[in-house]
Structure formats: structure tokens, C-alpha cells
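Trainee: One structure, as C-alpha cells, below. Some questions next.
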């Protein structure tokens, strides 16, 4: 087992690690309480782009996990901050996504449309449970007309507390198939969100561990960023975790509760 005593700061995924749907996962409340009590530096890094930013803290608090807003980084904010460094305020974006992504882009000064493909400089994709053919059509036309194609995250599925449902990555793949153009991904497993999280933590990658539940998203991103990668098994964890898997986490935990117990024991 990996020696957790070498880890001084944590980056935690949210969906599948702290909660699924409206249910806190076993050990999650205790883990957050322990980190808060001990003053352990931690940041929540989520690929969820659906909810307004303020609702993340509200939901966590409602489930018994008080986390300051300054300790939460979402893929919506990562995408918005990334694009804000390269495009001027007023840049026109066509968004396939929900309020969280729209809000983040508007807050950095972008003009957002979800139906009009004309004069669009970016197409930005997130999870959209109100997805229509007309939205896909507008996005495909804009990309074909030269708009830069941005995926806020490549998550193929999302646990809504009952089922695994299609997520942002499924929409991304549909548009890639329709246009022949690959999306540029800004969220996990790509570096931007990890860099933001490390800056907030004030820690180095060598001192920091990432706890997530997806091999190709959390573990891959952590490895790319030089972090220690911890996999917690959840409904999203790929079934092919085996001795033949090429991507190796530094440690695997049966659940968030299992991680919490071993973290305290350290």
C-alpha cells in the first residue's frame, strides 16, 4: 500500500467520490470534517459544469460537508478562465451546456448563445440534459464555419444517483463525428484545472494526491500533472481495472470510507 504520510495536500473529485446524486457517499462527510478539523489543504476539482457555482457549496453543506467556495474548482470555471486568457470580452460563444457553463462564460465577459451559429468564435460543450437536435446542428455549423471547438470535459457518463447517464463527452464525440474536427479539452484530464488547484493549495505536485473514481479522467490527469493518483471504486470506475491495465494508480481504495480510514490511520 502506498504510504499516505508522504501526501500533504489533497485534490478531491466530487461526483462519485463525495456524493452520487443527492446522497453523500459513505465516509465522505467524515473525510471532509477531518480535513477541515486538521487544517489539511484540499481542493475539490470537478468536471461537473451543470450547476451554478454557488449551488456547489450549498449542496455540499446540505449533505453535511461544509466547503468554502474558494476550495472548489469546476470545469466550467476552468474553461472560462482558459478562454479568457486568449479571447477578448464580448467574444461570441455558442454553448451546449447548462447554467453552470453559461454562467462561467458570461462572468468573464463572453457573449453566449445556444442556438445562433452565426459570427461565433468558440463552440463550448458541457453536459446538457436539455440537448436537442437543433443545438447539435447549430454547434456543428459553427464549427464547420471556423469556430474553435472546446470541450469543458470528456466525461462519457454521469452518475445521477439512479443511473449512469450520457454526459459531456458523449456530446463531444457526436460533434467530432459530425464535423471531423477534434475538440480541445480544458477540464480533467488536461492540465489547466490541476494547475489552478495547485496554485490554490500552495503545494507542489510531489506533495499532493488526487482522489478520483475514473481511470481515464482523474488518474490520467493526476499522472500527467505529476501528482500521486488514488482511485476510489464507484459506479463510474471502469470494469476493466485489472493486472493488464496500462494506467496504474498509486493506490486503489474500495470506497471513500476506505480511503478516509486509511487517511486517518496515516
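Trainee: Give the residues of segment 26-49 that are modelled with pLDDT of 95 or more and not in a helix (DSSP H, G or I), sorted by residue number.
Mentor: 26, 27, 39, 40, 41, 42, 43, 44, 45, 46, 47, 49 - these are the residues of segment 26-49 that are modelled with pLDDT of 95 or more and not in a helix (DSSP H, G or I).
Trainee: Among the candidates 262, 188, single out the residue that is in contact (Cβ under 8 Å) with a residue 40 or more places away in the chain and outside any helix (DSSP H, G or I).
Mentor: 188
Trainee: Please determine, by comparing only the residues of segment 196-214 that are under 13 Å from the mean Cα position of the chain (by Cα) and assigned to a helix (DSSP H, G or I), which one is nearest to residue 19 (Cα to Cα).
Mentor: Out of the qualifying residues, it is 197.
Trainee: Taking residue 129 and the conditions (1) surrounded by 15 or more Cβ atoms within 10 Å (Cβ to Cβ); (2) under 30 Å from residue 23 (Cβ atoms), which numbered condition does it fall short on, given that it satisfies the others?
Mentor: (1)
Trainee: Which condition number does residue 81 fail, the rest of (1) surrounded by fewer than 24 Cβ atoms within 10 Å (Cβ to Cβ); (2) in contact with a strand residue (DSSP E or B) (Cβ under 6 Å, 6 or more places away or on another chain); (3) not in a strand (DSSP E or B) being met?
Mentor: Result: residue 81 passes all but (2).
Trainee: Moving on. Please work out which residue is farthest from residue 40 (Cα to Cα), limiting yourself to segment 61-70 and to residues that are within 17 Å of the chain's Cα centre (by Cα) and surrounded by fewer than 19 Cβ atoms within 10 Å (Cβ to Cβ). Break it down stepwise before answering.
Mentor: Residues of segment 61-70 within 17 Å of the chain's Cα centre (by Cα): 67, 69-70.
Narrowing further to those that are surrounded by fewer than 19 Cβ atoms within 10 Å (Cβ to Cβ): 69-70.
On the way: 69: 16, 70: 14 Å.
This residue is 69.
Trainee: I'd like the full set of residues that are touching a strand residue (DSSP E or B) at 6+ places or on another chain (Cβ under 7 Å), in a loop (DSSP other than H, G, I, E, B) and over 18 Å from residue 75 (Cα atoms), limited to segment 141-153.
Mentor: 147
Trainee: Here's another thing I want to ask about it. Here are some residues: 106, 86. Which one is part of a loop (DSSP other than H, G, I, E, B), without any contact (Cβ under 8 Å) to a residue 12 or more places away in the chain and within 30 Å of residue 175 (Cα to Cα)?
Mentor: 86
Trainee: Also, quick follow-up: Restricting to segment 154-181, what's the tally of residues that are in a loop (DSSP other than H, G, I, E, B), touching a helix residue (DSSP H, G or I) at 6+ places or on another chain (Cβ under 6 Å) and surrounded by fewer than 21 Cβ atoms within 10 Å (Cβ to Cβ)?
Mentor: Matching residues across segment 154-181 total 2.
Trainee: I would also like to ask the following. Among the residues of segment 39-53, are any farther than 28 Å from residue 205 by Cα, surrounded by fewer than 19 Cβ atoms within 10 Å (Cβ to Cβ) and free of Cβ contacts under 8 Å to residues at least 60 places away in the same chain?
Mentor: Yes, that holds for at least one residue.
Trainee: Can you find even one residue in segment 184-205 that is out of contact with any helix residue (DSSP H, G or I) (no Cβ under 8 Å at 6 or more places or on another chain), at pLDDT 95 or above, under 15 Å from residue 13 (Cα atoms) and crowded, with 23+ Cβ neighbours inside 10 Å?
Mentor: Taking every residue of segment 184-205 in turn, at least one turns out to be out of contact with any helix residue (DSSP H, G or I) (no Cβ under 8 Å at 6 or more places or on another chain), at pLDDT 95 or above, under 15 Å from residue 13 (Cα atoms) and crowded, with 23+ Cβ neighbours inside 10 Å.
The values are calculated or read from the model by the stated rules, or taken from the named source; none is laboratory data. On a predicted model such as this, the values are computed, not experimentally measured, just so you know. Using ideal geometry, Cβ is built from the backbone for each residue, glycine included, and neighbour counts are taken over all protein chains shown.
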